[in-house]
Amino acid sequence: MKKLLGVLLTMAMVIMIALFTMNQGKAANEDLIEITDTVKSVDIVFGGGDLYVETWDKEEIGFKVEKGQNSNGFDYQCYVEDSVLYVDGSQKSGNAAKKGDNKVYLYIPIDKKFDGFILVNGNADAHVENVKCENLQIDAAIGTVDIVGFTTIDANIILGMGTINAEGKITGNAGVLCSAGTLNVKVADAESDHDYLINTSFGKIDIGNISYGMMSEKKIINATYSKFVIECVAGQINFEFEND
């Protein structure tokens, strides 16, 4: 009897150690999913972790999750509905102030052009490359968004207390609002290719080599078909132009 109890106790200890090791180690990664549905637009709501939107040579759209040691309760889903690709990275539990260490990858065809591309970023780090669309919307609360190589007709960029670094081409109209963070935009044309409506409260806006400080209101007319409405409440907005 004592021998049996000893064996059972040993087995219990082994199981406990195994469970402890599994919990401390890296969670199992999800397999790469390839989406063959017709996708006209992308809508991403991403609360925490690291998001990578990259191009690849395949015709399908790819989606993959790599779960880290501290996922902090974030769960990720990817699905298509009415030709819209949704990526939902919401938090089920955990500390809302921590973004966790999951990595999520979205692969898009290199020549794909979307009607719309929306990224709502909470407390995550988002890295977006070479998106082509007609309407681009970036909304960042306290996280960081780096978006490079984008091409769009119209853009709407909203920043709370985080950081947005955007580099690409806007051929139509743009609305830019910064509440308290830092927003850097580098546009692939000249300053004279756009008209501007500029407003500041307690923030600062730099357009090329000209700075607009607190309580500024300025309208710049270059007789173009592209209008940029730029408002800074208490942060910093920097606009640069490749062709100047």
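The values are calculated or read from the model by the stated rules, or taken from the named source; none is laboratory data. Just so it is clear, the structure is predicted and the values come from calculations on it, not from any experiment. Heads up, the Cβs are rebuilt from the backbone with ideal geometry, glycines too, and the neighbour counts pull from every protein chain shown. Accessible surface areas use protein heavy atoms only, side chains included; no ligands, DNA or RNA. Shrake-Rupley method; radii C 1.70, N 1.55, O 1.52, S 1.80 Å.
If each residue of separation counts as 0.36 nm, what is the full-extension length gain between Asn165 and Asn243 once their alpha-carbon separation is subtracted?
26.2 nm
Going by a ≥ b ≥ c, the root eigenvalues of the Cα gyration tensor, does region 45-191 fall in the rounded group (a/c under 1.5), the prolate group (a/b larger than b/c) or the oblate group?
Cα axes put region 45-191 in the oblate bin.
Which one of Ile164, Leu177, Leu106 has its Cα pushed farthest toward the positive end of the charge dipole of region 99-197, where Lys and Arg give +1 and Asp and Glu give -1 at the Cβ?
Farthest towards the positive end: Leu106.
For a quick protection proxy, order the peptides 207-213, 50-56 by their average other-Cβ count within 10 Å, most packed first.
50-56, 207-213
Which aspartates and glutamates, if any, have their Cα less than 13 Å from the Cα of Lys204, not counting same-chain residues under 8 positions apart?
Within reach: Glu217, Glu231.
Counting only protein heavy atoms, what percent of the accessible surface of region 98-244 is carbon or sulfur at a 1.4 Å probe?
Looking at region 98-244 in its full context, I get 50 percent from C and S.
For region 46-161, what is the accessible area per residue in Å², given a 1.4 Å probe and the full set of protein chains?
Value for region 46-161: 43 Å² per residue.
Where the only charges are on Cβ atoms (+1 Lys, Arg; -1 Asp, Glu), what is the dipole of region 111-244 about its Cα centre, to the nearest 20 debye?
240 debye
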